[in-house]
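Let me begin by presenting the structure, written as structure tokens, before commenting on it.
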Amino acid sequence: MAGIYFRDIYKSFGTSRLFEGLSLACPDRKYLCLLGPSGCGKTTLMRIVAGLTEPDSGEVLIGDKRVNGLPPASRNIGLAFQNYALYPHLSVAGNLAFPLRAPIRRGRYRQAEIEERVKRVAALLRIDQLLHRRVNQLSGGQQQRVALGRALIHDPGVLLLDEPVTHLDARLRYEMRAEIKLLHDRIGTTTIHVTHDQQEALAMGDLIAVMRNGRIEQLGAPLELYHEPATAFVAGFIGDPPMSLVHARLAQENGNTIVQVAGSSLSLSEALAAQANMAPSREIIVGLRPKQVALVERPEAGAVATTVYSHGRVGREQQLVLTFGRDEVHCRTSSAIHVTTGDKVWLSISLDGAKLFDAASGRALAHT
Amino acid sequence: MSTIVPDKKNAVGAATGARNLAIYLAACLFVGFGLFPLYMMITTSLKTDQQTFAWPPVWLFTPRFQSYYNALFVFGGRSADHYLFNSLVVTLSSSALAVFLGAMAAYGLARFRFRGNRDVAFYILSTRFAPPVGFIVPIYLMVQRSGLLDTQIALIVVYTSMNLSFVTWILRGFFLEIPIEIEEAALVDGYTRWQIFLRVALPLVRPGLAATAILSAIFSWNEFLFASILAPGDAATIPVYLAGFSASMNIDWGEYMAVGTMAVLPIMIFTLALQRHLVRGLTFGAVR
Ligand SMILES: Nc1ncnc2c1ncn2[C@@H]1O[C@H](COP(=O)(O)OP(=O)(O)OP(=O)(O)O)[C@@H](O)[C@H]1O
Ligand SMILES: [Mg+2]
């Protein structure tokens, strides 16, 4: 067992620079979810751990061992590829047994034990009915589970899962998440799990690293990211729905700091005012949870005029997306209120519990 | 309305039927044209001389195997089976060597980036630009100096080198089609390059191996020019032996055709046996 550490990683593809001094630590026995939009470098980071891509500079450590330049085979890794990469000429059983028959593990497993393990993993992943099928006769979700099984069948030192459950139907996805989590709790293999589903990351990760354009925006426990997002990007990525991000200006009124949003002035609590005073410029972004905004019948003091962009039912409520200026606000109301796209509605905003970010850098305004 | 639609459909059906019939007939003619010499050869080998030269031709007759018996057991000197065996040894060895060495070269060219990769690939192909007669003299000298004249080894080496270039080119294309992630998965699973080549890459290019094996075997089996010059005697292959027939004053047509039939059979069986591996799309759908 071993932690995974990146130290000051640089990597370019041709002229496009992906990582510029990325550092990240996934301590021993932790389950780290790597969360980020498409193209931010999640797969590349996994390939660097596996030794399939070498960084231009910087160190990769597994445990206390520097693995730069070490061939993939001797890193003792289980990797579930994003696009499965199963062996098309082998059956499901053949694919699962392939790592166990590897020359690097020669003599470690007897034939009987190989069969035993294949059966156990197949049962765990609900593919025991398919063991003799060729893998190109399987559905996408079945192939994904074979890929997952192949990654963990040899009890690797670290487990790298590149979007391991994205192609499963909702129910199976929940089941597989639970199985993976259970397995991790039991064996404790250090795991990096790539996903772009924030819900999955919140549900599974001991730690979550949010990535964007080859940078780590924030590393922290799920609740930490939820309650204390370090940047506006993280705030806009995590939560269902995520925080609404609204551009605003700080101003002074009677010696108090206030926030001007779309022509309305909102007062700040003392704590928030203290934060606002730390702002490097007047331009800020306000992060609002859905419960901080409410529709109001008519324009009242502090209400903001908005347009309904979309609306959809969520259980007994409806979720509205409202626009004003270049910003979007998510808001929940009773489905008794009838609105349609394009309607003008008024919104009252409460800043209690809002997060403030510097507009230029996107960083959260510090407390202190 | 409901009466018009079926009518129309029938008209269309009849038209395509006629079209299909025409295509079918054309195909039959073509196949007949291709197979007729083979038919003539096989029937002649089973006829008596009288039947062979009878006019009008005899279409129905009782086959007799005397010609085969004569070719194998009666003729003086080496008989046909000796040369058939030579051909078999030379063809199997040179094809196996060409496909195996070619596969390794092709894998290297497809998977490793090194300086001059494309130049090497082109050079390998360019070895086939010159007509073989062009370099028969230097090859003859090389074989003679190394004391390999009239040996099977000489033919095996020459045929292997001649087949190697197209085997390499065809297989390179097949290897390039394997998604790289499959081999990366094997690297992570703990396999070395050499084992990945043997246990992942080769099985995935099986159709390519079959195709190149068939082409090399046909070439080696039929090659005449080099065989006649490098191995005219004891090590001669079946084409050289066959040519000996037409050189003599009066040709024993029955025996000639019997040897011809025996010369065609092995390569036909070989091709038919490998043909079922020519299925395409083994790697199709391997990665998402
Ligand atoms: N071999 C390569 N050559 C050139 N560019 C590459 C290569 N591999 C990755 N990239 C680039 O690096 C960036 C990150 O790619 P990566 O596959 O790591 O993204 P990702 O976060 O896994 O995205 P996704 O969620 O879509 O899988 C992309 O812009 C991609 O185009
Ligand atoms: Mg990816």
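The values are calculated or read from the model by the stated rules, or taken from the named source; none is laboratory data. As the structure is a prediction and not an experimental result, all values here were calculated from the model. Cβ sites come from the backbone with ideal geometry, for glycine too, and all protein chains shown count toward neighbours. Just the protein is used for accessible areas: all its heavy atoms, side chains included, with ligands, DNA and RNA removed. Shrake-Rupley method; radii C 1.70, N 1.55, O 1.52, S 1.80 Å.
Placing +1 on the Cβ of each Lys and Arg and -1 on the Cβ of each Asp and Glu in region A:41-135, which of A:124, A:82, A:43 has its Cα farthest towards the positive end of the resulting dipole? Working it through, the farthest residue towards the positive pole turns out to be A:124.
Can you compute the charge dipole magnitude of region B:72-287 about its Cα centre, using +1 on each Lys and Arg Cβ and -1 on each Asp and Glu Cβ, nothing else charged? Give it in debye, rounded to the nearest 20.
620
Summed over the residues of the protein assembly as shown and divided among them, the accessible surface reaches 50 Å² per residue at a probe radius of 1.4 Å. Each label was represented as a point 7 Å from its Cα along the Cα-to-Cβ direction; for residue A:25 and residue B:79 these points are 8.6 nm apart.
Taking every alpha-carbon pair under 8 Å whose residues sit at least 6 apart, region A:52-180 reaches a relative contact order of 34 percent. Remark: relative contact order (region A:244-358) = 32 percent; criterion is Cα-Cα distance under 8 angstrom and separation of 6 or more residues.
Over region B:162-264, the Kirkwood radius and the radius of gyration, each from Cα atoms, give a ratio Rg/Rh of 1.24. Among B:267, B:121, B:142, whose Cα lies farthest out toward the positive end of the dipole of region B:72-287, if unit charges sit on the beta carbon of Lys, Arg (+1) and Asp, Glu (-1)? Checked the options; the winner is B:121.
Computed from Cα atoms, the angle from the helix A:111-124 axis to the main principal axis of chain A rounds to 20 degrees.
Given only helices, namely DSSP H runs of n ≥ 4 each adding -39500 (n - 2.57), what is the per-residue ellipticity at 222 nm of chain A, to the nearest 500 deg cm²/dmol? If you can, show how the numbers build up before the last one.
Working: 9 runs with 84 residues, N = 368.
Computed mean residue ellipticity for chain A: -6500 deg cm²/dmol.
A dipole drawn for region A:298-344 from +1 and -1 charges on Cβ atoms has a positive end, and of A:320, A:337, A:310 the residue lying farthest that way is A:337. For the protein assembly as shown, the fraction of C-alpha pairs farther apart than 49 angstrom is 44 percent.
Computed over the Cα atoms of chain B, what is the ratio Rg over Rh, Rh following Kirkwood?
With Rh from the inverse mean 1/r over Cα pairs, Rg/Rh is 1.10.
Expressed in units of 2.2 N^0.38 Å, where N is the residue count, the Cα radius of gyration of region A:243-289 is 1.05. Cα centroid separation, region A:1-56 to region A:246-306: 38 Å.
Taking amide H as placed 1.01 Å from N in the peptide plane, the amide H of residue A:333 sits under 5 Å from that of A:318, A:320, each at least 5 places away or on another chain. In whole angstrom, note down how far apart the Cα centers of region A:321-368 and region A:91-162 are. Taking the Cα centre of each part, region A:321-368 and region A:91-162 sit 48 Å apart. Remark: chain A carries a charge dipole of roughly 1460 debye about the Cα centre, counting +1 on each Lys and Arg Cβ and -1 on each Asp and Glu Cβ. Put simply, chains A and B cover up around 2200 Å² of each other's accessible surface, both sides summed, when a 1.4 Å probe is used. Computed from Cα positions, the angle between helix A:140-152 and the longest principal axis of chain A comes to roughly 70 degrees. Taking only the C-alpha atoms of region B:52-137, the Rg (one decimal) and the largest Cα-Cα distance, Dmax (whole number), read 23.5, 69 Å. Ranking A:77, B:267 by solvent-accessible area of protein heavy atoms (1.4 Å probe, all protein chains present), from largest to smallest, gives B:267, A:77.
Summary value for chain A: 15 percent relative contact order, contacts being C-alpha pairs under 8 angstrom separated by 6+ residues. The Cα-based radius of gyration of chain A, divided by its Kirkwood radius, gives an Rg/Rh of 1.06.
As a ratio to 2.2 N^0.38 Å, the alpha-carbon radius of gyration computed for region A:244-358 takes the value 1.09.
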